[in-house]
Amino acid sequence: MSGISAAKRLHDAGIKDILILEATNRIGGRIKKTNFAGYTVEMGANWLHGVGGPKRNPLYEMSKQIHLKKFFSDFSNFSFNTYKQEGGLYKDDEVDAAFEKVDETLDYGGKYSKFLNLEKNQDDDMSILALERLHKTDPRTRLEKMIDFFTFDGEQSEAPRVSSLKHVLPFSESEQFGENAYFVADSRGFESLVHLIAKQFLSYKNGAISDPRIKFNQVVREIDQSKGEVTVKTENGMKYKAELVIMSPSIGVLQSDLISFRPQLPIDKCGRFSFVQLWKRRAISEFSIGIYTKIFLKFPRAFWPTGNGTEFFLYVHERRGYYGIWQHLENEYPGSNIMFVTTTDDESIRVEQQSNEETKAEAMEVLRKMFGKNIPEATHIMIPRWKSDRFYRGCFTNWPVGYPQKRHDQLRAPIGKIYFTGEHTHPQLYGYTDGAYFAGSLFFFLNDTR
Ligand SMILES: Cc1cc2nc3c(=O)[nH]c(=O)nc-3n(C[C@H](O)[C@H](O)[C@H](O)COP(=O)(O)OP(=O)(O)OC[C@H]3O[C@@H](n4cnc5c(N)ncnc54)[C@H](O)[C@@H]3O)c2cc1C
């Protein structure tokens, strides 16, 4: 999204001599659909967040333009859909009380964050967990911990002890564009929004990109600006020379050793190395990218409640986030008998490393606790492995506690002739598809950190 958005911005500014090098055979990156047992599901971005406020979210507006099928996500029914570890539902007032506690954190946290953002508190930050302790709303019971997990880990893909109060609360998507979220379920995929932007400046033939200015299967391995101009080298031995380069891979990729720089990042004017000169690499290393895994399962029949107010349900386990957040797709795809469960962080790393069969067995055990021993086995399972994929190394960024604004400015700052974009470079909407969109289209302004 950010790369296509940046290229379109250049094109609109009259700069048409551009070349896009993409490692895979498609555009979209972390916005990726797939066919699962005959239905289109999203392996990456799924929700258009930030809808319903006074300011319009551009991606939502674009989705209306192409009549992308999307469904309002109603998260208000957990009081009737939250299951205990050994089975059986929690009472609705117990669940309501746990949500009230987390709402207090959100409310007080939002206010405290604004206080920390005042000029005189520039270097001050605390984790969301510390704020919870301060306000005495830290989760104590198993149920409260699950509601806390759903609210924070389910959004940032990392736990409140990791997340910066100052930069995470109030949730920037809601603040800027509104609190509603729409779940995309369309055979053209969420990625059709990326194509909608690309079609405005790249040529297409028979529905596929035919423009010679985008080259697929070009894995960039080295960027050399030691000799004045910039030379980009790819894994298959190609060399491209350019006046300027804009880089849009995930921060997970920048943190890995997939792409090397000559001279190393950053360059000292005299070519010397010192700890002071590590600023760029430090800015990249310290920002956080989390893991968020949707495990899709298909069954011979639906054995879970369907109908109004049943779409989302929670399973509460003593282990934080253990097969906790569930969603069925009977609204989107009636009769599909598909549902998915979301894991994050350490649980996701574990799931990525074990076989699909092992994960299926664990998920089935949890489902049997909720719906009884006689439910049928899943016939299909699909698990995206974003962390293990060398072109992503994670799902979306989270602002870690104590990471100063100044360092984020450095994260965005160009080095010589190399500019940086990507969702992680957006100061408020980092993590999201619209953050990626704005980071690309506004990167000239965002990168001007003077
Ligand atoms: C599981 C999951 C769920 C998500 N849910 C949501 C959601 O509900 N709503 C939302 O708004 N956002 C969501 N996101 C986040 C959203 O998908 C991203 O913020 C956004 O798509 C990032 O776009 P980008 O352009 O910054 O990076 P990317 O999409 O990562 O694009 C970078 C591109 O660079 C390419 N590349 C990488 N390395 C190289 C190389 N060496 N050489 C050449 N090319 C390279 C990649 O193939 C990719 O095409 C989710 C992400 C994931 C993974």
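Couple of notes before you dig in:
- With the charge dipole of the chain set up from +1 on Lys and Arg Cβ and -1 on Asp and Glu Cβ about the Cα centre, the Cα lying farthest toward the positive end among the listed residues 54, 27, 312 is that of 27.
- Volume per residue that the Cα convex hull of the range 94-177 spans, once the total is divided by residue count, Å³: 88 Å³
- Electrostatic dipole magnitude of the range 94-177 [Cβ: Lys, Arg +1; Asp, Glu -1; Cα centre; debye, to 20]: 300 debye
- Whole-angstrom gap from the range 74-113 to the range 219-266, using each part's C-alpha centre: 47 Å
- Efficiency of FRET from Cβ geometry, residue 389 and residue 310, R₀ 35 Å, rounded to 0.05: 0.60
- When only alpha carbons are used to place a centre, the range 152-167 and the range 362-434 end up 12 Å from one another.
- Rel. contact order, % - alpha carbon contacts under 8 angstrom, at least six apart, the range 42-170: 22 percent
- Under the convention that each Lys and Arg Cβ holds +1 and each Asp and Glu Cβ holds -1, the size of the dipole of the chain around its Cα centre is about 1720 debye.
- Computed from the Kirkwood radius of its Cα pairs, the Stokes-Einstein diffusion coefficient for the chain at 10 °C and 1.306 mPa s stands at 68 µm²/s.
- With a threshold of 28 Å on the Cα-Cα distance, the over-threshold entries among 91/136; 69/199; 298/387; 33/111 are 33/111.
- With both labels modelled 7 Å from their Cα along Cα-to-Cβ, the residue 216 to residue 16 distance reads 2.5 nm.
- Cross-link partners of residue 239 among lysines, defined as those whose alpha carbon lies under 19 angstrom from its own and excluding same-chain residues fewer than eight positions apart: 215, 227, 417.
Every number here is computed from the coordinates shown, using simple stated rules; none is lab data. As the structure is a prediction and not an experimental result, all values here were calculated from the model. Methodologically, a virtual Cβ is constructed for each residue, glycine included, from the backbone with ideal geometry; neighbour enumeration extends over all protein chains shown.
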